[in-house]
Amino acid sequence: MAQDAHARAAQGSGNASQRAGERDAVSASRRVVLRRAFTAAFPYTVPIMAGFVFLGMACGIYAHSLGLPAWVPTLMSVLIFAGSSEFVVASMLTGAFNPLQVFITAFIVNARHLFYGISMLERFRHVGKKRPYLVFGMCDETFSINYATPVPKGVDRGWFMFFVTLLNQAYWVAGCTLGGVFGTLLNVDASGLSFAMTALFVVIFLDQWLKEPSHLSSVLGVVLSLVMLLVFGPDNFIIPAMAAILAACLALRGRLEPVVGLAGEDEGDGSAVGDAADGMGADAAEDIADGKGADAAGEVHAE
């Protein structure tokens, strides 16, 4: 009896040690997955950092020039995170209370995000709990990186997109906060700062023009936008232009898809076990390869 009890206790202790080892393997591999994704994402966001910090400062200073407190730009950058809309909302906060007008204006200004979302449906399909934040944080620059950038081999696609989104928002929040602080400390002339977003869009367009193998979609966008501008005027042309561009792209889908393609669709399959096997972390790879549990290997793909 005593020997049986001792054997059961020893077996239980061994099982507990094995489970602890599996948890340690999972934790180590997860850290490797996150570090690998962050390291891969950061270089792509560095050019955005320079633009976002400056533009965020412009937004913060502009908001202060309208008489808003220094904390308002920071709050908007956290809760709204839509640069052009933040400029618009800042100006509306100083006027009469009209939430319907704010909603309609913000919707029109950001109507392009409807098409961003449609384009990212497949990429967001298997990202788990990260999806709500990826949807919330998808600005123009983040969409451009996450849509067009091939994910490096062995890097989890979901975490790569998450860190691109998080880093870009962090840059914007930092810029808006600095702008709000500097606006209270310095007497800055805010004339022309609202044009900063237009300048950013022009730079993004030129960058895409230089990189894309075919200019058909860009030419369509410019021509159709000009036509809608002439037909509907500067106050009402955005949504008709977006609808016309979408219709034209759908009609020419057969010509556009072979050229543009789905960048990196086969790269970065998100397999944490594959990541470890590719050298993401020797200890984690050895733990999983040594058979410390299929469940542990399956849990590494951090939701």
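Only the coordinates and a few stated rules stand behind these numbers; no lab work does. Here the structure is a predicted model, which means the values were calculated and not measured. Cβ sites come from the backbone with ideal geometry, for glycine too, and all protein chains shown count toward neighbours.
Each of VAL219, VAL135, VAL151, VAL89 was scored by other Cβ atoms within 10 Å of its Cβ. Listed from fewest to most, they are VAL219, VAL135, VAL89, VAL151. Rg and Dmax, both from the Cα atoms of the range 106-193 and both in Å, are 16.2, 50.
Per-residue Karplus couplings for the range 85-95, computed as 6.51 cos²θ - 1.76 cosθ + 1.60 with θ equal to phi - 60°, are listed in order as 5, 5, 4, 5, 4, 4, 5, 6, 5, 8, x Hz, Gly and Pro entered as x. Overall, the anisotropy analysis places the range 59-216 in the prolate class: the square-rooted eigenvalues a ≥ b ≥ c of its C-alpha gyration tensor yield a/c not less than 1.5, with a/b exceeding b/c. Here the range 48-79 is scanned for amide nitrogen atoms under 19 Å from the site 7 Å beyond the Cα of PHE97 along Cα-to-Cβ, giving 68-69, 72.
Cβ-Cβ distance of ILE104 and GLN208, R₀ of 30 Å, FRET efficiency by 1/(1 + (r/R0)^6): the value works out to about 0.55.
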